[in-house]
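Beneath this line is the structure, given in structure tokens, with notes to follow.
The values are calculated or read from the model by the stated rules, or taken from the named source; none is laboratory data. Computed from a predicted model, the values in this text were never measured in an experiment. Note that we place each Cβ from the backbone using ideal geometry, even for glycine, and neighbour counts take in every protein chain shown. Each accessible area value is taken on the protein alone, full model and side chains, heavy atoms only, with ligands, DNA and RNA left out. Shrake-Rupley method; radii C 1.70, N 1.55, O 1.52, S 1.80 Å.
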Amino acid sequence: MQAFPYSTTATPTAVVVPPSLALPVIESSFPRQLHPYWPRLQEKTRLWLLDKRLMPADKVREYADGLCYTDLMAGYYTSAPEEVLQAIADYSAWFFVWDDRHDRDIVHGRAGDWRRLRYRLHTALDAPRHHLHHPDPVVAGFADSVLRLYGFLPSTWNQRFARHFHAVIEAYDREFRNRTEGYIPGVEEYLTLRRLTFAHWIWTDLLEPSAGCELPDRVRKNRVYRRAALLSQEFAAWYNDLCSLPKEIAGDEVHNLGISLITHAGLTLEQAVDEVRRRVEECISEFLEVEQKALVFARQLDDGTVGGKELSAAVESCVGSMRNWFSSVYWFHHESGRYMVDSWDDRSTPPYVTNEAAGEK
């Protein structure tokens, strides 16, 4: 389904992309798609956020739709069954809430709260059913979304997802310590950490339930398939850094590719912006080359058997979703209230977050 021509908000208006962030190749060569389930997805995720108490009712009412979290997922996993897309969208919304909680714990020096949350998320990941009624909404919401995701594919996929997300939790802890200590990682160190804090392999794992098939190792570890997946995620992470740079400089952040380049490569702000943008554009151009090879690989998997035909179709669907990620991420950054820093009363404090830790006033 072709997405709305301008925006997925209730009253579509032309989206103005600042020249420094505009990527004409995305706008011309990556047509925007949207899952036909999107309107219901938005409604049900909004209700899920309320039911799980992940955002206060007034913040859900005022900000949830404008944050466009469901738009991001509906523009990515466009071939997913509705139940799968709903589980992914709720999990994604949870991820953003968790990211905000992590940020507020850092800003307000709540090391003990973060340490407890980190431990509880690790345990909930391994035994989500036992944490569905945890008093901390972030833990209970995580358990609910993970348990649903675990229901689509075999236990081997669940174990891989859990392994990948345990690493994400630990990367968030590393970021917590870096920011608390004012430590700005070097460029290569940052890029390695960013692949984890952006959860590259989680979003790639979720391509599989969307395609209705757990991919065998020979596919997932295929050089071309893996490179296409990585490029789509690197683009998203680095474009996010490009768009987030003003917000993160305002908030005295230390985790941004631009900030690492300024600190460790001696670049000016303008030079750092140019360098991040160059990397973003290189991701796009290389993906366009690798994508064709990945599609050839997908077709070669069809060996005339029923299983081969199904696997070929699943891999082709996954590669198509990787392509979708470029446009979905791009437009999300220009429609979501998450990045409209200039409209906030305090550029370092997003209006959609609460500053209290769980159980505190």
> Out of all the residues in the stretch 251-290, which are in contact with a Gly (Cβ under 9 Å, 6 or more places away or on another chain), in contact (Cβ under 8 Å) with a residue 60 or more places away in the chain and assigned to a helix (DSSP H, G or I)?
Replying inline: SER260, THR263, HIS264, VAL273
> Which pairs have Cβ atoms under 9 Å, sit 6 or more apart or on different chains, and link a residue in the stretch 56-68 that is at positive phi to one that is among the aromatic types (Phe, Trp, Tyr)?
Replying inline: CYS68/TRP331; CYS68/PHE332
>> Given the options GLU234, GLU248, name the one that is in a helix (DSSP H, G or I) and either open to solvent by 60 Å² or more (accessible area, probe 1.4 Å) or at pLDDT 95 or above (or both).
In response: GLU234
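What do you reckon, is GLY320 without any contact (Cβ under 8 Å) to a residue 60 or more places away in the chain and either of a type outside the set (Lys, Arg) or in contact with an Asp or Glu (Cβ under 8 Å, 6 or more places away or on another chain) (or both)?
Answer is no for this residue.
Looking at ARG177, ARG218, ARG227, which is the one that is at pLDDT 95 or above, within 21 Å of the chain's Cα centre (by Cα) and surrounded by fewer than 20 Cβ atoms within 10 Å (Cβ to Cβ)?
ARG227
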>> Looking at TRP157, TRP114, TRP94, can you tell me which residue is in a helix (DSSP H, G or I) and in contact (Cβ under 8 Å) with a residue 60 or more places away in the chain?
In response: TRP114
> When you go through ARG323, ARG338 one by one, which is the residue that is of a type in the set (D, E, K, R), at pLDDT 90 or above, buried (at least 19 other Cβ atoms within 10 Å of the Cβ) and under 30 Å from SER79 (Cβ atoms)?
Replying inline: ARG323
> Out of all the residues in the stretch 153-174, which are hydrophobic (A, V, I, L, M, F, W, C) and more than 20 Å from the chain's Cα centre (by Cα)?
Replying inline: LEU153
>> Tell me yes or no: at least one residue of the stretch 293-309 is touching a residue at least 60 places away in the same chain (Cβ under 8 Å), surrounded by 19 or more Cβ atoms within 10 Å (Cβ to Cβ) and outside any helix (DSSP H, G or I).
In response: yes
> Can you name the residue in the stretch 251-289 that is open to solvent by 10 Å² or more (accessible area, probe 1.4 Å) and among the hydroxyl-bearing types (Ser, Thr, Tyr) and is also farthest from the chain's Cα centre (by Cα) among such residues?
Replying inline: THR268
> So is TYR119 out of contact with any strand residue (DSSP E or B) (no Cβ under 6 Å at 6 or more places or on another chain), modelled with pLDDT of 95 or more and closer than 19 Å to GLY151 by Cα or not?
Replying inline: no
> Which residue out of VAL341, VAL329 is touching a Pro at 6+ places or on another chain (Cβ under 7 Å) and either among the hydrophobic types (A, V, I, L, M, F, W, C) or closer than 24 Å to TRP201 by Cα (or both)?
Replying inline: VAL341
>> As an exercise: evaluate PHE161 against (1) at pLDDT 95 or above; (2) open to solvent by 40 Å² or more (accessible area, probe 1.4 Å) and give the number of the one condition it does not meet.
In response: (2)
> Residues ASP144, ASP103: which one is part of a helix (DSSP H, G or I), open to solvent by less than 40 Å² (accessible area, probe 1.4 Å) and at pLDDT below 95?
Replying inline: ASP103
> What are the residues in the stretch 28-47 that are assigned to a helix (DSSP H, G or I) and either free of Cβ contacts under 8 Å to residues at least 60 places away in the same chain or of a type in the set (Val, Ile, Thr) (or both), if any?
Replying inline: SER28, TRP38, PRO39, ARG40, LEU41, GLN42, GLU43, LYS44, THR45, ARG46, LEU47
> What number goes with the only condition from (1) touching a Phe, Trp or Tyr at 6+ places or on another chain (Cβ under 7 Å); (2) open to solvent by 30 Å² or more (accessible area, probe 1.4 Å); (3) assigned to a helix (DSSP H, G or I) that SER210 does not pass?
Replying inline: (2)
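Hey, can you tell me all the residues within the stretch 50-75 that are of a type in the set (A, V, I, L, M, F, W, C) and open to solvent by less than 50 Å² (accessible area, probe 1.4 Å)?
Correct list: LEU54, MET55, VAL60, ALA64, LEU67, CYS68, LEU72, MET73, ALA74.
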